[in-house]
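Engineer: Structure provided below as structure tokens; questions to follow.
The values are calculated or read from the model by the stated rules, or taken from the named source; none is laboratory data. Note that the structure is a prediction, hence the values are computed from the model and not measured. All Cβ positions, even for glycine, are placed from backbone atoms using ideal geometry, and neighbour counts span all protein chains on display.
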Amino acid sequence: MRVNKLVSTAIAAVACGSLVVGVAGPALAAAPEPAPTAAAPDPKAATAQQLETVANLGELLALAAKIATEAQAKTPNKAVLADLRQRYQAAADKLLKSVKSRAGTPGGLPADAVKDVRDALAKLTKDLTELLAAVVAVDLPKVTAGIAEVVKDLQALLTAVPKLATGALPLPVPGV
């Protein structure tokens, strides 16, 4: 039987290929799988987290404003103030939780932004507690000063949270 150069080259290539697969196959099969690449963050999830943060901020601001308004009343209702205080604390916890969850995401928030919000919330909570103590003690000058402090704290919180929602510098608060 006569074999030409093309057929002999093809037979040699197949034989070499079989030999290479036979020798290298088990070594390649034993190699660990490559690490999966990090998936790109889902834009819908990021938007949902931003909206949740803004909603929690809105709830917190509304409750703090209601507390300040009720504290200014001629005869503040202490039961309503106690209920508003509990709801405020729950809203503050939800806001801080949503801010912390955004910090844990890939490409998330810097730690100093979370610290700014935590500090602003702590100061607001402290001043609201002092305001409520002044209302219970019926100390009108302290109530007036406490309301002014609460307004300043709310403005500080308003400048801290937009950095989280957009990643940009906050807009100036009117009247500041």
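Engineer: Considering only the range 53-93, state which residues are touching a Ser or Thr at 6+ places or on another chain (Cβ under 6 Å) and not β-branched (Val, Ile, Thr). First the steps, then the outcome.
Structural biologist: Kept after step one, since they are touching a Ser or Thr at 6+ places or on another chain (Cβ under 6 Å), are these residues of the range 53-93: 53, 56.
Result: Asn56, single match.
Engineer: Need the failing condition index for Ala133 against (1) assigned to a loop (DSSP other than H, G, I, E, B); (2) modelled with pLDDT of 85 or more, just the number.
Structural biologist: (1)
Engineer: Further question: Could you give me the residue pairs with C-beta distances under 6 Å whose first residue belongs to the range 67-94 and is over 18 Å from Arg118 (Cα atoms), whose second residue is at pLDDT below 90 and not in a helix (DSSP H, G or I) wherever it lies, and which are 6+ apart or on separate chains?
Structural biologist: Between residues of the range 67-94 that are over 18 Å from Arg118 (Cα atoms) and residues that are at pLDDT below 90 and not in a helix (DSSP H, G or I), the close pairs are Glu70/Pro76.
Engineer: Could you list, in sequence order, all residues of the range 113-139 that are surrounded by fewer than 16 Cβ atoms within 10 Å (Cβ to Cβ), of a type in the set (Asp, Glu) and within 20 Å of the chain's Cα centre (by Cα)?
Structural biologist: Within the range 113-139, Asp119 is the sole residue that qualifies.
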